[in-house]
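Working notes for the structure below.
What follows is calculated from the coordinates using simple rules that are stated; it is not laboratory data. Just so it is clear, the model here is predicted, and its values are computed rather than measured. Neighbour counts run over all protein chains shown; Cβ positions are idealised from the backbone, glycine included.
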Amino acid sequence: MPYNDRELLARLIECEAGGEGDTGMKAVASVVMNRVRVPYGEYARVSQGGSIRNIILQPGQFTCASTEEGGRYNPQNIYNMNPTQVHFDIADWAIAGNRLPGLGNALWFYNPFSASCRSNFPSDVGFFIGSYQAHCFYDPTDLYEFT
């Protein structure tokens, strides 16, 4: 894949939260970079010391990183995105170490397609800390260390 880490992150930001304003896009970017920088658990092993590419392309993590979902073509994927300056600016903001206030160390987000968020996600390794636009965000529990 010819994209550098910055462009991959900008494409993921556009795909996952492009319609959710700066706050929604910064929240998604924060989760990605939290995964890149967490010093223990599954994402520490996946990032292998800081690889944005490994985190974004880890199978089963981001719907937008997949060209196929449920055996069907997924047209809303990072390869079909055309990031603009705002997506690159938010990618740069996150890569520089900035995080959205109140988001904590969130490692997960998802769109519940409902009015409420689950208290834990993806299991007991993450607990709900807040929502931005259509996404729910989750910090790791102590159990995450053993993933």
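Counting alpha carbon pairs within less than 8 Å and at least 6 residues apart, what relative contact order, in whole percent, applies to the chain? It comes to 27 percent, rounded to a whole number. Each of Arg6 and Asp89 was given a label point 7 Å from its Cα along the Cα-to-Cβ line. The distance between the two points is 1.5 nm. Please identify every one of the chymotrypsin sites (Phe, Trp or Tyr not before Pro) in the stretch 92-147 that sits in a loop by DSSP and has no more than 13 other beta carbons within 10 Å of its own beta carbon. Taking the stretch 92-147 and a limit of 13 other Cβ atoms within 10 Å, the loop chymotrypsin sites (Phe, Trp or Tyr not before Pro) found are Phe113. Taking the stretch 40-77 and a reference point 7 angstrom along Cα→Cβ of Phe113, the backbone N atoms nearer than 20 Å belong to 60-77. Within the shell defined by Cβ-Cβ distances under 14 Å, the residues around Ala65 carry a net charge of -3, with Lys and Arg each +1 and Asp and Glu each -1. Three principal axis extents of the stretch 77-147 based on alpha-carbon atoms, in descending order, are 37, 29, 24 Å. Calculated on the Cα set of the chain, radius of gyration then Dmax: 14.3, 39 Å.
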